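A quick write-up on the structure given underneath.
The values are calculated or read from the model by the stated rules, or taken from the named source; none is laboratory data. If you're wondering where the values come from, they're calculated on a predicted model, not measured in any experiment. Methodologically, a virtual Cβ is constructed for each residue, glycine included, from the backbone with ideal geometry; neighbour enumeration extends over all protein chains shown.
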Amino acid sequence: MFVTIRGRVETLLYLTGLYVLIVAIVEQATGVALWTQALGVDLLLTLGLAIPLLWLSRSRRHFLLLMTLGLALLHGGNAVKIRILGGPLMPDDLFAARSLFLIMTDGQRVMALGGALVLALALGRTISLKARGAGIALLLLLALPVPGIVAPSAVVALLDDHFGNVVWNQRTNYESRGPLVHLVQELARHGSRQKPPPDDTGVRNAVAALRSDVQPAQASALDSMAAGKPRSVVLVVLESFWDPSALSAAGLSDDPLDPRFRALWRQAGDSRALVPVFGGYTANSEFEVLCGFPVAEDTVFFETRLHNDVPCLPRLFSDAGYAATASHPNVPVFWNRVNAYRRIGFDVYRSLADFTLDEMHGEYLSDASLYRQVLETLKPVQESGTPSFTYILTFFGHLDYPLDDALVRVRATSADPLVERYASTVLEKSRSFMDFLEELQARDPEALVVAVGDHLPFLGPNFGGYRESGVLAADRADFDDRMFRDLVATPLLIIDGPRGALPVGTLALYQVPGLIRTLAGLTTSAPMDLLHRAEGSLRPLPGMHFVQHQDDSLTVCRSALVSDRCAEDQAWLDAVGTLSRDLFSGHGYVLSGEGGQGISGG
């Protein structure tokens, strides 16, 4: 019988076999392999968790079905995310679940809902509170999360000491821990980070530390201002936009950039932005280019950190008399944009329902149609003489880079078929942008136009398309210094009206808003002014940072303990983090200072 000790032992033996089978299938299918010691620990924890569930189960069949589904989702879900984005599931992915669901195809949504439904039904059919020992089993399960809730910092310290933690290499963390330890460790870490907002003294100290390193925005930029007249500003964030010609082994048949774009970018000295993300999470790049503060954590800032009305670019321009409009032909709630755009100061947000879906690539509105419709709505504003801040986030460019066969104009010999479709996608996107730019400049020659890629594209599992050309390694643990920079470097164009594209070099993306304000002649001070560093572009990434120096050299800090310079950079980032928490989700003490520049005195 199932209720006997022998029956339960046999069931746990069956579960052991299922565990080994699922782990083997996931490894074979994805290439994500747990370390030997992690396998042993994870199996023991799985069996330990299974015992109280077994007490609560109606039958062996129901129990094994539930455990099979749970293990497949736990191991498979982590492995799939590692293959796509290079890292496993993290607690903040819960906040992104709704947005990720919204971007799925209909088939993917059906599969996701079907899987969730099957798991829920299996759980409902399996658990019985009438089983013998059910009360004890339920108490054991309820007691499991208590240490992480009551003392998350102690749990983190204990687990980090035993299992280690390399924040910049979450794949290795996962493979060396196993999914259950990783889940517990990162949930506890998430809990330990839920700190109260900084107090007045903490913000004052952060402001003082940042002011000591502030340098004015480039004075030469002021020479190019349109004297005496507010100039319109257009900011375009290009979805998954990057230069695939770096893929030297891909055998591209043609230049993947429109010749006009290539020439303009060369005029700009091939300027680049260092963005906070790879392969997704566009909203973090949006936040940086609109608000002038870095994202240093593995979280979606619009979803989890932006709770206040704040002086980001849209509000600064709106307060100066500009019409501040955002356009993105996606469902409006994706990445919490309805709330986020309102909080950062946009007057109007035009989303999916506001566009005519007349030219589609798969389910995505083409950039050409998006630009054409934005120009139509912009025309009456231009004719009225009202200056405008126009923000455009393109939608076309997402996986799996759908294009009509006639538009696949760049051929490739790469082993990954995504490379060819992506290269043709970039050609189409750069062509559409240049057509838009020419029309815009014909209407408004003095307009300041900024265009930047939000992140590099996904080109196959484990950086496959990049790996074959030596651009990136298969695992972040094997990245050299250059690879960390190239992982987040996208094209940047700052077109200063008739003066053309400015050679601004390589800038961290959060540095761009300050330059936009300077070129637009906007003199209103803002907290982002405190982030003008004296030397180099500092790019924080989860658990590490690097500095791109003006001579193109790099200082990569995988730990603040590497050198005094790394420690100084980390101290600066800590002060920025304090200011960010105060401004975007705290009490806003930094705004109480003179002119909004920061806290006075001290």
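Filter the stretch 556-570 down to the residues that are outside any helix (DSSP H, G or I) and either at pLDDT below 90 or not hydrophobic (A, V, I, L, M, F, W, C) (or both), then identify the one that is surrounded by the fewest Cβ atoms within 10 Å (Cβ to Cβ). If you could, list the steps in order and put the result at the bottom.
We begin by selecting, within the stretch 556-570, every residue outside any helix (DSSP H, G or I); these are 556-563.
The next check asks that each one be either at pLDDT below 90 or not hydrophobic (A, V, I, L, M, F, W, C) (or both); those that pass are 558-563.
On the way: ARG558: 19, SER559: 15, ALA560: 18, LEU561: 10, VAL562: 14, SER563: 12.
Going through the qualifying residues, I end up with LEU561.
Please indicate, with yes or no, whether at least one residue in the stretch 353-376 is touching a helix residue (DSSP H, G or I) at 6+ places or on another chain (Cβ under 9 Å), outside any strand (DSSP E or B), basic (Lys, Arg) and crowded, with 22+ Cβ neighbours inside 10 Å.
No, there is no match, as no residue in the stretch 353-376 is touching a helix residue (DSSP H, G or I) at 6+ places or on another chain (Cβ under 9 Å), outside any strand (DSSP E or B), basic (Lys, Arg) and crowded, with 22+ Cβ neighbours inside 10 Å.
If we scan the stretch 289-310, do we find a residue that is under 28 Å from TYR364 (Cα atoms), in contact with a strand residue (DSSP E or B) (Cβ under 9 Å, 6 or more places away or on another chain), at pLDDT 95 or above and of a type outside the set (A, V, I, L, M, F, W, C)?
Within the stretch 289-310, not a single residue is under 28 Å from TYR364 (Cα atoms), in contact with a strand residue (DSSP E or B) (Cβ under 9 Å, 6 or more places away or on another chain), at pLDDT 95 or above and of a type outside the set (A, V, I, L, M, F, W, C).
Looking only at the stretch 298-343, which residues are over 18 Å from TYR281 (Cα atoms) and in a helix (DSSP H, G or I)?
LEU313, PRO314, ARG315, LEU316, PHE317, SER318, ASP319, ARG342, ARG343
State whether the residues of the stretch 527-538 include one that is touching a helix residue (DSSP H, G or I) at 6+ places or on another chain (Cβ under 8 Å), outside any loop (DSSP other than H, G, I, E, B), modelled with pLDDT of 90 or more and more than 18 Å from PHE293 (Cβ to Cβ).
First pass over the stretch 527-538, keeping only residues touching a helix residue (DSSP H, G or I) at 6+ places or on another chain (Cβ under 8 Å): 527-533, 537-538.
Restricting the remaining residues to those that are outside any loop (DSSP other than H, G, I, E, B) gives 527-531, 537-538.
Those left that are additionally modelled with pLDDT of 90 or more: 527-531, 537-538.
From what is left, the residues that are more than 18 Å from PHE293 (Cβ to Cβ) are none.
No, the stretch 527-538 contains no residue that is touching a helix residue (DSSP H, G or I) at 6+ places or on another chain (Cβ under 8 Å), outside any loop (DSSP other than H, G, I, E, B), modelled with pLDDT of 90 or more and more than 18 Å from PHE293 (Cβ to Cβ).
Being surrounded by fewer than 20 Cβ atoms within 10 Å (Cβ to Cβ) and of a type in the set (Gly, Ala, Ser): is that true of GLY514 here?
On the way: surrounded by fewer than 20 Cβ atoms within 10 Å (Cβ to Cβ): no; of a type in the set (Gly, Ala, Ser): yes.
Taking the combined requirement at face value, the residue does not satisfy it.
Looking at (1) over 30 Å from PRO542 (Cα atoms); (2) hydrophobic (A, V, I, L, M, F, W, C); (3) modelled with pLDDT of 75 or more, which is the one condition that is false for ALA79?
Here ALA79 meets the rest and fails (1).
Go through the stretch 192-245 and give me each residue that's on the phi > 0 side of the Ramachandran plot and either at pLDDT 95 or above or hydrophobic (A, V, I, L, M, F, W, C) (or both). Reasoning before the result, please.
Step one: filter the stretch 192-245 for residues on the phi > 0 side of the Ramachandran plot, giving 228, 240.
Hit for the stretch 192-245 is SER240, nothing else.
So TRP168 passes all but one of these: (1) aromatic (Phe, Trp, Tyr); (2) under 26 Å from the mean Cα position of the chain (by Cα); (3) modelled with pLDDT of 85 or more. Which condition number does it fail?
So the condition that TRP168 fails would be (3).
Can we say ALA451 is crowded, with 23+ Cβ neighbours inside 10 Å and either in the same structural domain as LEU375 (by TED's automatic domain parsing) or within 27 Å of VAL408 (Cβ to Cβ) (or both)?
On the way: crowded, with 23+ Cβ neighbours inside 10 Å: yes; either in the same structural domain as LEU375 (by TED's automatic domain parsing) or within 27 Å of VAL408 (Cβ to Cβ) (or both): yes.
The answer is yes for ALA451.
Within the stretch 331-345, take every residue that is in contact with a strand residue (DSSP E or B) (Cβ under 8 Å, 6 or more places away or on another chain) and over 10 Å from VAL310 (Cα atoms) and give me the one that is modelled with the lowest pLDDT.
To start, the set of residues in the stretch 331-345 that are in contact with a strand residue (DSSP E or B) (Cβ under 8 Å, 6 or more places away or on another chain) comprises 332, 337-338, 341-342, 345.
Filter once more, keeping what is over 10 Å from VAL310 (Cα atoms): 332, 337-338, 341.
Details: PRO332: 85, ARG337: 90, VAL338: 88, TYR341: 95.
Filtering first and then ranking leaves PRO332.
Just to be sure before I move on: is VAL289 in the same structural domain as GLY460 (by TED's automatic domain parsing), under 14 Å from ALA451 (Cβ atoms) and not small (Gly, Ala, Ser) in the structure I sent? Full working, then the answer.
Numbers: in the same structural domain as GLY460 (by TED's automatic domain parsing): yes; under 14 Å from ALA451 (Cβ atoms): yes; not small (Gly, Ala, Ser): yes.
For VAL289, the condition - in the same structural domain as GLY460 (by TED's automatic domain parsing), under 14 Å from ALA451 (Cβ atoms) and not small (Gly, Ala, Ser) - is met.
Six or more apart or on different chains, Cβ atoms under 9 Å: show the pairs whose first residue is in the stretch 58-69 and farther than 9 Å from THR126 by Cβ and whose second is charged (D, E, K, R).
Hits for this filter: ARG60/ARG8; ARG60/GLU10.
Please work out which one of (1) hydrophobic (A, V, I, L, M, F, W, C); (2) farther than 21 Å from GLU286 by Cβ; (3) assigned to a loop (DSSP other than H, G, I, E, B) is the condition PHE395 fails and give its number.
Every condition holds for PHE395 apart from (2).
Would you point out the residue of the stretch 476-491, among those that are part of a loop (DSSP other than H, G, I, E, B) and within 25 Å of TRP265 (Cα to Cα), that is farthest from the chain's Cα centre (by Cα)?
Among those residues, the one meeting the criterion is LEU487.
So SER327 ticks every box in (1) surrounded by fewer than 22 Cβ atoms within 10 Å (Cβ to Cβ); (2) more than 25 Å from LEU94 (Cα to Cα); (3) under 20 Å from the mean Cα position of the chain (by Cα) but one. Which box is left unticked?
Of everything listed in (1) surrounded by fewer than 22 Cβ atoms within 10 Å (Cβ to Cβ); (2) more than 25 Å from LEU94 (Cα to Cα); (3) under 20 Å from the mean Cα position of the chain (by Cα), SER327 misses just condition (1).
For LEU183, state whether it is outside any loop (DSSP other than H, G, I, E, B) and surrounded by fewer than 17 Cβ atoms within 10 Å (Cβ to Cβ). Reasoning before the result, please.
Details: outside any loop (DSSP other than H, G, I, E, B): yes; surrounded by fewer than 17 Cβ atoms within 10 Å (Cβ to Cβ): no.
Here the answer is no, as LEU183 does not meet what is asked.
Could you grab me the full set of residues in the stretch 377-392 that are assigned to a loop (DSSP other than H, G, I, E, B) and either buried (at least 20 other Cβ atoms within 10 Å of the Cβ) or in contact (Cβ under 8 Å) with a residue 40 or more places away in the chain (or both)? Steps first, please.
Applying the first criterion (assigned to a loop (DSSP other than H, G, I, E, B)) to the stretch 377-392 yields 385-387.
Selection gives THR386, PRO387.
Given the criterion crowded, with 20+ Cβ neighbours inside 10 Å, on the phi > 0 side of the Ramachandran plot and not polar (S, T, N, Q), identify the matching residue among PHE484, PHE463, PHE458, PHE436. Reasoning before the result, please.
Working: PHE484 fails: on the phi > 0 side of the Ramachandran plot; PHE458 fails: on the phi > 0 side of the Ramachandran plot; PHE436 fails: on the phi > 0 side of the Ramachandran plot.
Matching residue, one of PHE484, PHE463, PHE458, PHE436: PHE463.
Exactly one condition in (1) hydrophobic (A, V, I, L, M, F, W, C); (2) under 20 Å from the mean Cα position of the chain (by Cα); (3) surrounded by 20 or more Cβ atoms within 10 Å (Cβ to Cβ) is not met by LEU573; state its number.
Checking LEU573 against (1) hydrophobic (A, V, I, L, M, F, W, C); (2) under 20 Å from the mean Cα position of the chain (by Cα); (3) surrounded by 20 or more Cβ atoms within 10 Å (Cβ to Cβ), the one that fails is (3).
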